[in-house]
Amino acid sequence: MAADLVRRKVAVLVATGGAPSVMAAKGATSTVPIVFTSGVDPIHAGFVTSLSHPGGNITGVNSFVAATESKRLGLLRALVPGVQLIAVLLNPNRPDHTEHLSGVQEAASAVGQQIDILLASNESAIDAAFASAVQLHAGAMLVGSDPFFNSQRNKIIALAAQHAIPAIYEQREHALAGGLMSYGTDLSEGYRQAGIYAGRILKGEKPGDLPVVQSTKFELVINLKTAKALGIEVPPNLSAEADEIIE
């Protein structure tokens, strides 16, 4: 698809939805301007060599995904205090999986939280991961940030409900769909910024001169209906911190 767009001589390529689309666009052209939105570290992934001076034909928006896992872990512990074991669901096929994994492990170690890493990169592996979480008597689950997990939103939320496992997710849409809680960057803000950059490039600016934008707007959403179904009473201080409460 990226190669086809380049053949059509588009003025700008906007690559969203994760690292694969960005790499496809980058592999298809070194001249057509590219604006990306992605949760992986753009330097580590090889999108750019510098955040402040991307150079070349690419720039975009980084949503700090890996950096928010420690915050999600803390929020989950605040919602389910005293939980002995937290299962962490990660996708080993993420380009920055190692960084993702070490970030969660360091965050857990810093607060003395026991975790168990469960890996899944396809639908059957998600089922197996939840079966493992139940077998391990995990008291809660942190669902890692990943486009694949986002595409399997309904399945994961249904499994969490079926096994009565309190879980925290990346996107607001998870909480809206019945997930217990979500914390992450405001995706609409990231797409808005990508649109601004695309407009500036269309007006003549060069992508290599536009610094990669670091997302700074985060949102915490709590689904009270799901909390009640799980027998969880949301602490007042956590409710006060939430950007949105779903009744």
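Remarks
- Candidates are the residues of the stretch 124-165 that are of a type in the set (Phe, Trp, Tyr) and buried (at least 20 other Cβ atoms within 10 Å of the Cβ); the one that is farthest from the chain's Cα centre (by Cα) is Phe130.
- Search result, residues across the stretch 233-246 that are assigned to a loop (DSSP other than H, G, I, E, B) and over 24 Å from the mean Cα position of the chain (by Cα): Glu233, Pro235
- Set Ala240, Ala194: member being surrounded by 19 or more Cβ atoms within 10 Å (Cβ to Cβ) and either hydrophobic (A, V, I, L, M, F, W, C) or in contact with a Leu (Cβ under 6 Å, 6 or more places away or on another chain) (or both): Ala194
- Test result for Ala87, touching a residue at least 60 places away in the same chain (Cβ under 8 Å) and not in a strand (DSSP E or B): no
- Against the list (1) surrounded by 17 or more Cβ atoms within 10 Å (Cβ to Cβ); (2) part of a loop (DSSP other than H, G, I, E, B); (3) free of Cβ contacts under 8 Å to residues at least 40 places away in the same chain; (4) of a type outside the set (D, E, K, R), the condition Ser121 fails is (1).
- Flag: Phe64 matches the condition of being of a type in the set (Phe, Trp, Tyr) and within 30 Å of Ser109 (Cβ to Cβ).
- In the condition set (1) at pLDDT 95 or above; (2) out of contact with any helix residue (DSSP H, G or I) (no Cβ under 6 Å at 6 or more places or on another chain); (3) crowded, with 22+ Cβ neighbours inside 10 Å, Thr31 is compliant with all but (3).
- Number of positions in the stretch 77-112 that are among the polar types (S, T, N, Q) and surrounded by 17 or more Cβ atoms within 10 Å (Cβ to Cβ): 1
- Answer residue from the stretch 201-218, given it is outside any loop (DSSP other than H, G, I, E, B) and buried (at least 18 other Cβ atoms within 10 Å of the Cβ) and is modelled with the lowest pLDDT among those: Val213
The values are calculated or read from the model by the stated rules, or taken from the named source; none is laboratory data. Computed from a predicted model, the values in this text were never measured in an experiment. We place every Cβ from the backbone using ideal geometry, glycine too, and count neighbours over all the protein chains shown.
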